[in-house]
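This report concerns only the one structure given below.
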Amino acid sequence: MIKKYIVIGAGISGLNTARKIKDLNLGSVQVLEKSRGVGGRMATRRAHDTRFDHGAQFYRLKNDIVDLHQDWKQLGICHQWFISEKGDHWCSKSGMTAFAKAMTKDLDISLEKEIAAIHYENNLWKLISNKNEVWFCHNLIISSPTPQTVKLLTDAANEKRLDMNVLSEIKKINYTKALIGLVTLEEDLMIAANGYIEFQTGCFFSISDQRKKGVSDIPALTITMSASFSELEFEQSDEFILEKILKLFVTDYPQAKIKKAELKKWRYCKSESQFKNLFSEIAPKLYLIGDAFGGSSLLGALRSSQALCNFLIENNKVL
Ligand SMILES: Cc1cc2nc3c(=O)[nH]c(=O)nc-3n(C[C@H](O)[C@H](O)[C@H](O)COP(=O)(O)OP(=O)(O)OC[C@H]3O[C@@H](n4cnc5c(N)ncnc54)[C@H](O)[C@@H]3O)c2cc1C
């Protein structure tokens, strides 16, 4: 069946866009996601008898997220974690993916569908997965990190349709990498009064106490390494990286009694620069959204999605 809209990616920007298209009756919409679950970089992992948020740790309560925040409050899935000079920080005791899951109600989402190629054929966008499954749609929305998007777009057959100036701008957007240690401890460790600390220099970016946050019932930490450490060590073996992270950690926190640990790697963590507009129609009926367009945070990703939704509503693209 031909869909009016297909969204590639079930991160917060893709889900919010699909949600709005459905709720506002703009037409049929399907989400295709390569992973086994929804949320993208808003990610929670079950490991070592507990849960860890290993992507985004919180959202800051600002205008862009106020409507979703009210929905999540009504569902009872969000709680205030702490307030600092940077703002009012909210998270979910069920882990950050709870927010993504709450956005999926009645949406047509297909998981484990990795789109490997797109072509424009007979006035439709044709999507082909890595397992040779095929979908067609009138309007295609791509929400993956821009280096992954560029890979999908740079096909000789597509390039005739693409705005090459936009493509060359998008190619310039780099992402930081992130190496993360997920660690359980024999006993609680005082990291900070509120359970979250960010570092301005050195090898760590942040340490987040998953028990204080309410995500874990046992002492557990998410240790996010700095962008420079992550860039330097990313291609090393997992064992080597994890050992190095744990060595650095116990040097700074000698009282820590580590029980179990594992590594998580993000090749695309945060965009280092932002595209000049909140979304891009890089070819007719082919839209790009995500944090590289709205700013490198959950709020930025939402801002981008919202801008596209406003555009679709205003233009009321009836086909
Ligand atoms: C370690 C880390 C910590 C962070 N901390 C915070 C924080 O505390 N607060 C905050 O606000 N932000 C934080 N961020 C940033 C925030 O998580 C992102 O800005 C936001 O989640 C991006 O959402 P998105 O929808 O743009 O992209 P994503 O969440 O990346 O969604 C894109 C989706 O597309 C899918 N996809 C990609 N290619 C394909 C394909 N070919 N076919 C099908 N599917 C595909 C991906 O699997 C993914 O699910 C953090 C990010 C990381 C990595």
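Here, each number is a calculation from the coordinates, and none is a lab measurement. Since this is a predicted model, take the numbers as computed values, not measurements. Cβ sites come from the backbone with ideal geometry, for glycine too, and all protein chains shown count toward neighbours.
Points worth noting:
- If only the Cβ of Lys and Arg carry +1 and only the Cβ of Asp and Glu carry -1, the dipole of the chain around its Cα centre is close to 540 debye.
- On Cα atoms only, tilt of 238-252 relative to the major axis of the chain in degrees: 50
- Normalised alpha carbon radius of gyration of the stretch 30-84 [divisor 2.2 N^0.38 Å]: 1.34
- At most 15 other Cβ within 10 Å, DSSP loop - GluC sites (Glu not before Pro), the stretch 197-302: Glu235, Glu272
- Residues Thr251, Thr97, Thr146 in ascending order of nearby Cβ atoms (within 10 Å, fewest first): Thr251, Thr97, Thr146.
- Alpha carbon centroid spacing (whole Å) that separates the stretch 42-103 from the stretch 243-311: 15
- Considering the stretch 207-279 at the alpha-carbon level, its Rg and Dmax are found to be 15.2, 48 Å.
- Ranked from largest, the principal axis spans of the Cα set of the chain equal 65, 43, 35 Å.
- Relative contact order of the chain, taken over Cα pairs closer than 8 Å and 6 or more residues apart, is 21 percent.
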